[in-house]
Every structure is written in C-alpha cells, then in structure tokens.
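All of the numbers you see were taken from the coordinates with simple rules; none came from a lab. Here the structure is a predicted model, which means the values were calculated and not measured. Every residue, glycine as well, gets a Cβ built from its backbone with ideal geometry; the counts of neighbours run over all protein chains shown.
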Amino acid sequence: MIAETIKFVLTNLPLILFVLAIALGYLTRRPEAAAERYLAWLLLLSVGIDGIWAGIFHVFFPGIASAQIGWTPSPFEFEIGVADMALGIVAVIAFWRSLSFQSAIALYAILFYVGVTIGHFQQAFAKGDYSPDNFGALLVITMARAILLTLLLDAAWRGKKPSEGSARPSSLD
C-alpha cells in the first residue's frame, strides 16, 4: 500500500504540483491580487519544484527519464536536465520576488514549454512516440502551464497601477 502510494505520487508529481499550486493560490490570502497569487504559486510548485524534479531525473537517471518519454538516452538529456533544474531553482526564488522578476521567469518558462510542446508533437507524429510522458498527461500539463502563465502575467500587469508597472527602480527615473 505504501509502495503503491509512493509510486503514484512520484509518477504523478507534475499533476499533483499543478493542482496544489492552483489550490494554494485559491486558499491563501496574500496581499497581492489573485492573478499574482496564482502566478507565484505556479512558479513555486508547478514550474519550480517540478523543474528541479525533472532535471534531477534527466541528469542523474537518464535511462529512466528517457524510457518514460520514449527516447533513447542521449547526451542532450544532461543539457535538458540542467536547463530544467536552472529554471526550477530560479522559479522557486521568484516566489518571494517582485512581479517584474516573476515575469522574466514566467516568460522564459512559457517559451520553454511552447518549445517542449512542439518537440513532443513532432516526436508523436513524426516518430510515432505516443509514450505517456511524451504524448499524455504531462504534455497537457505543459500546455496548460504555458497558457495559464500567459493569462496570469497579462492579468497581473493589467491590475497594476501605472506607477507600479515600472520595471526600473525609482532612483533611475
């Protein structure tokens, strides 16, 4: 029972972190607007912790990660793992930073996820790779994160007063 639970959590961690981020964005009452709360929680959990998790697997357990995606191990797996971990670490830090900082990280994540999505579609249709972690729930979560981060960034910046929207420090104005 415990082993099955652990396997379920580890196998479904991206989905669990995504749902948890949405739930905590709803349940917590931080002083900023709702869009900023949801953005912060998504960056912390669904981009941050999940990115670190994915990176660890790609770097330290490439055989497992490759098999899950339907790939053969490649030197590029180390590179994507380092990229995942770097994004994850900076996204975790972004939780406690300004909207400007969060925006930069979110924009990188959006572009990264769009690229990942295109790559997974190409692998599915050109190579017939319909493995669950190539063309399944993980792909849906990746697309949902890209869309949701885009919408939340837009809503967060629209909610700012013109004086709050400046990305430059006031001492430079």
Exercise for review: Measure nothing fancy, just the Cα-based angle from helix 76-94's long axis to the longest principal axis of the chain, in degrees from 0 to 90, nearest 10.
Suggested key: 30
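Can you give the calculated 222 nm mean residue ellipticity of the chain, where each DSSP H run of n ≥ 4 adds -39,500 (n - 2.57) and the sum is split over every residue, rounded to the nearest 500 deg cm²/dmol?
Numbers: 8 runs with 122 residues, N = 173.
After summing the helix terms and dividing by the residues of the chain, the value is -23000 deg cm²/dmol.
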Study note, to complete from the structure: Simple SL model, points at 7 angstrom along Cα→Cβ for Arg158 and Thr5; separation in nm is 4.2
Exercise for review: Give the peptides 36-42, 149-155, 1-7, 128-134 in descending order of average Cβ contacts within 10 Å, highest first.
Suggested key: 36-42, 149-155, 128-134, 1-7
Point to revise | Counting all C-alpha pairs of the chain, share separated by more than 19 Å (%) | key: 59
Study note, to complete from the structure: Rounded to the nearest 10 degrees, the helix 99-127 long axis (Cα) sits at an angle to the longest Cα principal axis of the chain of 30
**Study point:** Whole-number D in µm²/s for region 45-137 (Stokes-Einstein; Kirkwood sum over Cα pairs; 20 °C, 1.002 mPa s)
**Key:** 156
Review point. How big is the charge dipole of region 18-161 about its Cα centre, in debye rounded to the nearest 20, if each Lys and Arg gets +1 on its Cβ and each Asp and Glu gets -1 on its Cβ?
Key: 660
Review point. How do 83-91, 47-55 rank on mean C-beta neighbours within 10 Å, highest first?
Key: 47-55, 83-91
